[in-house]
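A.B. asks: Let me give you the structure first, and then I'll get to my questions.
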Amino acid sequence: MADITLKSISKKFKKDIALDNINLTVRDKEFFVIFGPAGAGKTTLLNVIAGLYLPDYGNVYLNGEYFNHVEPEDRNIAMVFEDYALYPHLTVFENIASPLRSPKYKELNEIIEKEVTRVARILKIDHLLERNISELSNGQRQRVGLGRALVRTPNVFLMDEPITHLDAKLRHQMRAELKEMQKNLDTTTIYVTHDYLEALSLGDKIAILNEGKIEQIGTPDDIYYYPHNEFVASSFGEPEINFFDAIITEDKQLSIFEEAEIQDIPEKVKSKLDESVRSVRVGIRPKDIKYSFTKENDYSVECSVYSFEPLGAKAVFTVEKDGNQIRLVVPSVLQIDMDQPVYIELDINKAMFFGTDEINFLSKFIKDAKGEVVWQS
Ligand SMILES: Nc1ncnc2c1ncn2[C@@H]1O[C@H](COP(=O)(O)OP(=O)(O)OP(=O)(O)O)[C@@H](O)[C@H]1O
């Protein structure tokens, strides 16, 4: 069993703050995803957990025990990196077996045989064991890299973008396989990615990191449906969510476009709106905007066509209103005349409401006695 807790972790490189007061707990057997853009601090965080970097401030605990002073090689943590440095002159079997032959783990041949076969089966490379690394595809090499980490039954797996280099089709396949593999492994895993689909599909929990700070921690549903702020909402979803400035009227109704009818605010949002709130930001995902080519009701507004980008069965249709671009998802068979007017209607029941400070009115978080944000799961 292995759970990991980070308390108030901060790390600087000269003047660059890579991690800024990180607090999180990864529970035993959880698949915990760390998601964030380039330079967010994801790899630094893994290195702190692995013991490769000492934090400037804060503590790491394993199963509640203070862990900062434990040397990396004594942590029993296995790391899988994006560039899986394999031994090119050895077979797949020998590559996977290599950690078990190291002086630290020196295992009997019989045990090595059993373990390598077990891992190779999980990764579906058992038919490749006698091949040389040079005879493998990139995807197969990636699996050998994973196999080499899996063979050790560590306390924790740390995976740093392990499938980023694969082409889209293979990545999709590996994503499904990683998920299946995780069920069989039963080992706490911390997985770094900047791919939001990977985060949503693999994570039991996701922590969103941005400029060294945690923006939100939650289940994939929490993150997608209750993003804590505009940064999180924009990071999950393709095409990106649309934001509108809107006015709350005296009788608590919503006005987004001057020429459209004001609308009722969904009850659950209304009850959270303070009397003094007069302006909000409304976030609506592209799939939640209806379109038509004739005006159908008083809630729709006229826009002009900006662009039409077919992507297989679906297309991204961008329209323009008062100089702002609004993204919609439509079937790609739609015939669009660039000069025709288009009417859009926002599905307010699917909208997210953010304050002018970009914080979502409905996201689940509380503040502790010190005023620090504590995420509810
Ligand atoms: N060894 C180092 N020396 C100096 N600065 C560093 C070092 N490692 C990371 N940084 C800086 O710390 C910040 C966080 O880097 P980190 O590699 O952790 O981000 P990341 O989220 O993993 O990014 P990416 O997705 O691009 O790998 C960046 O500003 C980076 O330039």
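A.B. asks: Output the number of residues of the range 25-61 satisfying the condition of being within 11 Å of the ligand (Cβ to nearest atom) and either part of a strand (DSSP E or B) or touching a Pro at 6+ places or on another chain (Cβ under 8 Å) (or both).
C.D. replies: 4
A.B. asks: Sticking with this structure for a sec: Taking the range 204-241 on its own, how many of its residues are within 16 Å of the ligand (Cβ to nearest atom), within 12 Å of the chain's Cα centre (by Cα) and not in a strand (DSSP E or B)?
C.D. replies: Total meeting the criteria: 2.
A.B. asks: Here is a check on your reading of the model: is T188 within 16 Å of the ligand (Cβ to nearest atom), in contact with an Asp or Glu (Cβ under 7 Å, 6 or more places away or on another chain) and within 28 Å of R121 (Cα to Cα)?
C.D. replies: Spelling it out, it is not the case that T188 is within 16 Å of the ligand (Cβ to nearest atom), in contact with an Asp or Glu (Cβ under 7 Å, 6 or more places away or on another chain) and within 28 Å of R121 (Cα to Cα).
A.B. asks: Of E267, E211, which residue is at pLDDT 90 or above and more than 17 Å from F31 (Cβ to Cβ)?
C.D. replies: E211
A.B. asks: Say we look at the range 292-304 and pick out the residues that are surrounded by fewer than 17 Cβ atoms within 10 Å (Cβ to Cβ) and in a strand (DSSP E or B); which of these is farthest from the chain's Cα centre (by Cα)?
C.D. replies: E302
A.B. asks: Just to be sure, is S201 in the same structural domain as R281 (by the TED database), away from the ligand (no atom under 16 Å from the Cβ) and not aromatic (F, W, Y)?
C.D. replies: no
A.B. asks: Among the residues that make up the range 354-368, is at least one of them at pLDDT 90 or above, in a strand (DSSP E or B) and surrounded by 14 or more Cβ atoms within 10 Å (Cβ to Cβ)?
C.D. replies: yes
A.B. asks: To continue, here is another question. Would you point out which residue out of L123, L129 is modelled with pLDDT under 85, surrounded by 18 or more Cβ atoms within 10 Å (Cβ to Cβ) and hydrophobic (A, V, I, L, M, F, W, C)?
C.D. replies: Going through L123, L129 in turn, just one is modelled with pLDDT under 85, surrounded by 18 or more Cβ atoms within 10 Å (Cβ to Cβ) and hydrophobic (A, V, I, L, M, F, W, C): L123.
A.B. asks: Would a scan of the range 8-24 turn up a residue that is of a type outside the set (D, E, K, R), free of Cβ contacts under 8 Å to residues at least 60 places away in the same chain, away from the ligand (no atom under 16 Å from the Cβ) and surrounded by fewer than 17 Cβ atoms within 10 Å (Cβ to Cβ)?
C.D. replies: Looking through the range 8-24, at least one residue is of a type outside the set (D, E, K, R), free of Cβ contacts under 8 Å to residues at least 60 places away in the same chain, away from the ligand (no atom under 16 Å from the Cβ) and surrounded by fewer than 17 Cβ atoms within 10 Å (Cβ to Cβ).
A.B. asks: Another question about this same structure. Checking I223 against (1) crowded, with 18+ Cβ neighbours inside 10 Å; (2) over 26 Å from A168 (Cα atoms), which test does it fail?
C.D. replies: Here I223 meets the rest and fails (2).
A.B. asks: Now a separate question. Would you confirm whether or not the range 106-117 contains a residue that is within 16 Å of the ligand (Cβ to nearest atom), of a type in the set (V, I, T) and either touching a residue at least 40 places away in the same chain (Cβ under 8 Å) or under 30 Å from S134 (Cα atoms) (or both)?
C.D. replies: no
A.B. asks: Quick check on G139: is it part of a helix (DSSP H, G or I) and surrounded by fewer than 22 Cβ atoms within 10 Å (Cβ to Cβ)?
C.D. replies: Taking the combined requirement at face value, the residue satisfies it.
The values are calculated or read from the model by the stated rules, or taken from the named source; none is laboratory data. Note that the structure is predicted; figures quoted are calculated from it, not measured. Neighbour counts are summed over all protein chains in view; Cβ atoms, including those assigned to glycine, are modelled from backbone coordinates with ideal geometry.
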